[in-house]
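Visitor: This is the structure I have questions about; it appears just below.
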Ligand code: BT5
């Protein structure tokens with residue numbers, strides 16, 4: 001059981017905070033290491049996509065977890081960080097982002113933040129999980145992608161202070177992290193995600209490596225996965241890109 005102390009390591013420039021923490025995890029670093037960077041030269045999204053942010057424009061951070069978790073429940077690590085980051089945006093910038101399944105914070109349909117979770121295994125057992133987030137603070141993301149940033153949509157007269165946002169995020173993350181280790185905690189996390197996930201109730205297209213499917217998102221299961229009703233029945237989606245077909 002982890003004692004709940006963060007070990008925050010700051011970098012002016014780094015390739016990727018996720019890559020750094022995955023390396024130190026393999027070298028045996030304990031749970032609770034946090035990497036924060038002003039600039040990433042090789043920031044990553046899912047599926048080898050790039051995460052872009054000019055120096056000093058975003059909160060770019062990753063945390064190292066070693067939870068007592070079945071691999072099937074890994075998505076709850078993403079959920080824990082999404083819920084904590086959404087709380088931090090509300091507290092610090094007066095912005096209440098929606099959680100778009102599986103890994104985005106959005107304002108309306110505009111992407112405010114993206115999350116990347118990467119796991120290491122020892123045999124079949126989970127050894128570590130690195131969960132990283134990029135929150136757009138002063139720059140709305142690459143032109144043409146329809147992203148947004150806290151300074152554009154927030155309620156503050158002055159720019160958001162990334163250090164204050166980081167502190168709020170880490171303190172909101174601590175109680176969520178504690179929920180990962182046992183079944184009642186995981187059920188509580190899945191419940192919270194169910195209440196706050198804006199994808200639920202929407203008609204969606206899920207793009208997978210193997211093709212696309214269309215249906216209505218009806219539930220989040222106990223592992224944090226998305227349940228979609230299609231014309232052919234109910235289907236549990238564990239990964240993929242989700243398009244909201246008729247955004248509210
Ligand atoms: C994500 O992937 O959204 C996960 C992003 C995780 C970034 C953090 S930063 C700290 C840590 N270290 C890392 O190396 N990564 C994590 P995905 O859902 O695959 O979305 C990636 C796509 O988002 C890209 O292909 C672009 O289309 C778009 N994108 C890139 N930069 C963006 C930005 N700043 N704002 C909005 N959209 C962006």
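Visitor: Any residue in region 109-119 that is more than 13 Å from the chain's Cα centre (by Cα) and either in a helix (DSSP H, G or I) or surrounded by 23 or more Cβ atoms within 10 Å (Cβ to Cβ) (or both)?
Guide: Here is the first cut: in region 109-119, the ones more than 13 Å from the chain's Cα centre (by Cα) are 109-110, 119.
Now restrict to residues that are either in a helix (DSSP H, G or I) or surrounded by 23 or more Cβ atoms within 10 Å (Cβ to Cβ) (or both): none.
Looking for residues that are more than 13 Å from the chain's Cα centre (by Cα) and either in a helix (DSSP H, G or I) or surrounded by 23 or more Cβ atoms within 10 Å (Cβ to Cβ) (or both), one finds none in region 109-119, hence no.
Visitor: Further, regarding this structure: Would it be correct to say that residue 38 is within 23 Å of residue 171 (Cβ to Cβ) and under 19 Å from the mean Cα position of the chain (by Cα)? Lay out the reasoning, then the answer.
Guide: Details: within 23 Å of residue 171 (Cβ to Cβ): yes; under 19 Å from the mean Cα position of the chain (by Cα): yes.
So residue 38 passes the test.
Visitor: Here is a follow-up. Taking only region 151-170 into account, find how many residues are in contact (Cβ under 8 Å) with a residue 12 or more places away in the chain and either more than 22 Å from residue 35 (Cα to Cα) or within 16 Å of the chain's Cα centre (by Cα) (or both).
Guide: Start the filter on region 151-170 by keeping residues that are in contact (Cβ under 8 Å) with a residue 12 or more places away in the chain, which leaves 151-156, 159-162, 164-166, 168-170.
Adding the requirement that they be either more than 22 Å from residue 35 (Cα to Cα) or within 16 Å of the chain's Cα centre (by Cα) (or both) leaves 151-156, 159, 165-166, 168-170.
Number of matching residues: 12.
Visitor: Every residue in region 50-67 that is under 15 Å from the mean Cα position of the chain (by Cα) and within 7 Å of the ligand (Cβ to nearest atom), please. Explain how you work it out, then say what you get.
Guide: Here is the first cut: in region 50-67, the ones under 15 Å from the mean Cα position of the chain (by Cα) are 51, 58-65.
Within region 50-67, 51, 58, 60, 61, 62 qualify.
Visitor: Right, here's the next one. Can you find a residue in region 120-143 that is out of contact with any strand residue (DSSP E or B) (no Cβ under 7 Å at 6 or more places or on another chain), more than 24 Å from residue 163 (Cβ to Cβ), assigned by TED's automatic domain parsing to the domain that holds residue 66 and near the ligand (Cβ under 9 Å from one of its atoms)?
Guide: Yes - at least one qualifying residue is present in region 120-143.
Visitor: Does residue 72 meet the test of being within 17 Å of residue 224 (Cα to Cα) and more than 16 Å from the chain's Cα centre (by Cα)?
Guide: Details: within 17 Å of residue 224 (Cα to Cα): yes; more than 16 Å from the chain's Cα centre (by Cα): yes.
In short, yes.
Visitor: For region 37-78, which positions are crowded, with 16+ Cβ neighbours inside 10 Å, touching a strand residue (DSSP E or B) at 6+ places or on another chain (Cβ under 8 Å) and in a helix (DSSP H, G or I)?
Guide: Matches in region 37-78: 46, 75, 77, 78.
Visitor: Condition first: free of Cβ contacts under 8 Å to residues at least 12 places away in the same chain and either more than 13 Å from the ligand (Cβ to nearest atom) or under 15 Å from the mean Cα position of the chain (by Cα) (or both). Can you find one or more residues in region 19-30 that meet it?
Guide: Looking only at region 19-30, we keep the residues that are free of Cβ contacts under 8 Å to residues at least 12 places away in the same chain, and these are 23, 27-28.
Now narrow it down to the ones that are either more than 13 Å from the ligand (Cβ to nearest atom) or under 15 Å from the mean Cα position of the chain (by Cα) (or both): 27-28.
Checked against the condition, which is being free of Cβ contacts under 8 Å to residues at least 12 places away in the same chain and either more than 13 Å from the ligand (Cβ to nearest atom) or under 15 Å from the mean Cα position of the chain (by Cα) (or both), region 19-30 yields at least one hit.
Visitor: How about region 174-248: which strands (runs of 3 or more DSSP E) wholly inside it have at least 3 residues that are under 20 Å from the mean Cα position of the chain (by Cα)?
Guide: Details: elements: 203-208, 211-220, 226-230, 233-237, 241-244.
Once the strands (runs of 3 or more DSSP E) in region 174-248 are filtered for at least 3 residues that are under 20 Å from the mean Cα position of the chain (by Cα), what remains is 203-208, 211-220, 241-244.
Visitor: For the structure I just gave you, tell me whether residue 105 is under 23 Å from residue 224 (Cβ atoms), within 11 Å of the ligand (Cβ to nearest atom) and part of a strand (DSSP E or B). Can you show your working first?
Guide: On the way: under 23 Å from residue 224 (Cβ atoms): yes; within 11 Å of the ligand (Cβ to nearest atom): yes; part of a strand (DSSP E or B): yes.
So residue 105 passes the test.
Visitor: Check 230, 218 and return the single one that is touching a strand residue (DSSP E or B) at 6+ places or on another chain (Cβ under 9 Å), surrounded by 12 or more Cβ atoms within 10 Å (Cβ to Cβ) and over 23 Å from residue 110 (Cα atoms). I'd like the intermediate steps shown before the answer.
Guide: Numbers: 218 fails: over 23 Å from residue 110 (Cα atoms).
The unique qualifying residue is 230.
The values are calculated or read from the model by the stated rules, or taken from the named source; none is laboratory data. These numbers come from a predicted model, not from an experiment. All Cβ positions, even for glycine, are placed from backbone atoms using ideal geometry, and neighbour counts span all protein chains on display.
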